[in-house]
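Read through the structure below, which is laid out as structure tokens, and then see the notes.
What follows is calculated from the coordinates using simple rules that are stated; it is not laboratory data. Everything numeric in this text was worked out from a predicted model, so none of it was measured. Heads up, the Cβs are rebuilt from the backbone with ideal geometry, glycines too, and the neighbour counts pull from every protein chain shown.
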Amino acid sequence: MLNQSFLFSLHFRRGRILPNAMITHPDELTPETSWNETIWAHTPEESLVDHQNCARLCVATLLPFKNGQPDWEGFENSIRWMLAAGEAYGVELVFVINADTGYIFQLNETLYAEVIRRFRAAFPGPKIICGTTAVGANGDVFKPEWYRPHFEVAQSFDNVEIMIMTSKLLNELPDEQRRDAYFQIAEMLTVPGIVHALEPSFVPWATPFSPWLLHELAQHEKFIGGKISTLDEPHFLYWSVMCRDLGLDFSPHSGDDYGIATAIRLGNPLLIGAGVSACPLICAAKQMWTQSPLDTRVYKLFEAFQSLEDAVFRLNEHGSAADYKHSTAHVLKNLGIIESSEIHPDCQDRRGDDEAKRMAGAMQRPLRIAERLGIDLFAKQS
């Protein structure tokens, strides 16, 4: 909260009412600048509302398991189901594979490549975003070369973008060294790159990008955009305002599974694990938001799918949302998309024995709204 003395110090600057010393120009940024010191952290969401742009939905695709092995039939079923939703509502879908929802941290290099190969064999058309991380990281000195094994596999396929998923040693670098490390990683890119920032709700060591670091990365020619995985702070809004105000050729992708409707209202892309379990609902909402006249039932649809994802991404006893993958599997099983709610056998992000019942309860409201709005794809699949 801003204190009273701070509020009374407001004055006009560049056509806005701003607090004294509020930063509005990138030349004023330093690696130590916090978002709260900038105008981009104090701009209302309402000023960015866009009813025209139906931006892409990047679905962080689940890799399902059955009997301890990847369920390739379920994998393809889920993608066909999502493709049908995109086609029904005129939404561009991009499939994010081998990211956290695809168990990237448990995949060996052989399985990492097989996931992409099987996707491309079954679905040659759609664009894919391949998650990459620091393979074999060890010691206490970050090495950009750790990203090369995943890059070489992913970049051997067509119609690909690369998401550079943050890693512990990369995240721990001071901002200037962190920027330089990203620039070194970019030298290995032969396809468009997406940078990735995390909040501690996903992993305890994570720190989001500072405004200085975001601005530095957004100017790099190989980075077309970035994803901010956030649950507790409105960093996606900060990114969106900065990129708009400064005219940056960089697309913020929302990774806020607790604030899905924000990206739809702002006309910005989503890159979310929630897209797997709520794809038809999100696609329908994107269409409804951009149609004229506005169908105000879209607000109830926003509430319905958010209520589901609040349950899917609820924090565990350690304050982490990482168990969402297990909840997602239960939702897809309940819908008849996959046969088993198993997770990767080496993954510790696991819900309790009552999760099937909890997800069935969480699905009641969105199923009812989907029926009323005629969103037939969000129903039990025969």
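Database remark: amide H of GLU342 closer than 5 angstrom to the amide H of PHE65 (H placed geometrically; neighbours at sequence offset of 5 or more, or on other chains; Pro and chain starts carry no H).
Here's the picture: a label point sits 7 Å out from the Cα of LYS143 along the beta-carbon direction, and within the stretch 159-183 the residues with their amide nitrogen under 15 Å of it are 169-170.
Structure remark: mean-square fluctuation, Gaussian network model of the chain, C-alpha springs under 10 Å; the largest value among THR190, THR110, THR61 belongs to THR110. In terms of overall dimensions, the stretch 50-277 has a Cα radius of gyration and Dmax of 16.8, 51 angstrom.
Take each of the peptides 155-161, 197-203, average the number of other beta-carbon atoms within 10 Å over its residues, and list them starting from the highest.
Working: 155-161: 14.6, 197-203: 19.0.
Top of the packing list down: 197-203, 155-161.
Set the bar at 26 Å for Cα to Cα. Now go through LYS66/LYS325; LYS286/LYS380; LYS66/LYS286; LYS143/LYS325; LYS227/LYS325; LYS357/LYS380 and name every pair that lies beyond it. Table pairs above 26 Å Cα-Cα are LYS66/LYS286; LYS143/LYS325. With each label modelled as a point 7 angstrom along the Cα→C-beta vector, the ASP376-LEU315 pair spans 4.2 nm.
Applying the criteria of a DSSP loop state and at most 15 other Cβ atoms within 10 Å to the GluC sites (Glu not before Pro) of the stretch 50-87 yields no site.
One chain, two ends: HIS220 and GLU339. Fully extended at 0.36 nm per residue, the span grows by 38.5 nm beyond their Cα-Cα distance. Each other residue within a Cβ distance under 14 Å of ASP232 adds +1 if Lys or Arg and -1 if Asp or Glu, for a net charge of -4. Under a cut-off of 15 Å between alpha-carbon atoms, report the aspartates and glutamates in cross-link reach of LYS222, not counting same-chain residues fewer than 8 places apart. Result set, ordered by chain and number: GLU161, ASP180, GLU187, ASP249. Between LYS66 and ARG297, the contour length at 0.36 nm per residue exceeds the alpha carbon distance by 79.3 nm. Residues whose amide H lies under 5 Å from that of HIS253, counting only those 5 or more places away or on a different chain, are GLY226, LYS227, ILE228; hydrogens are built 1.01 Å from N in the peptide plane. The modelled label-to-label distance between GLN155 and LYS357, using points 7 Å beyond Cα along the C-beta direction, is 5.1 nm. Proximity of backbone amide H atoms, modeled 1.01 Å from N, is registered between VAL94 and LEU57, CYS58, VAL59 at under 5 Å, excluding neighbours fewer than 5 places apart on the same chain. Charged neighbours of MET188, selected by a Cβ distance under 15 Å, balance to -3 (K, R count +1; D, E count -1).
For the chain, averaging the sequence separation of C-alpha pairs within contact (under 8 Å, six or more residues apart) and dividing by the residue count gives a relative contact order of 19 percent. Other residues whose C-beta falls under 11 angstrom from the C-beta of GLU32 contribute a net charge of -3, scoring Lys and Arg +1 and Asp and Glu -1.
A DSSP coil position with no more than 10 other Cβ atoms inside 10 Å describes the following GluC sites (Glu not before Pro) in the stretch 263-331: GLU317. Stretched out straight at 0.36 nm per residue, the stretch from GLN364 to ARG350 would grow longer than its current Cα-Cα span by 2.8 nm. Highest mobility in the GNM of the chain, judged by mean-square fluctuation with C-alpha springs under 10 Å and restricted to SER34, SER167, SER277, is found for SER34. Here's the picture: charge each Lys and Arg Cβ at +1 and each Asp and Glu Cβ at -1 in the chain, and of SER34, CYS54, ALA206 the one pushed furthest to the positive end of that dipole is CYS54. The simple spin-label model puts a point 7 Å past each Cα toward its Cβ; for HIS51 and THR207 those points are separated by 4.3 nm.
Of all DSSP bridge pairs formed entirely within the chain, close to 15 percent run antiparallel.
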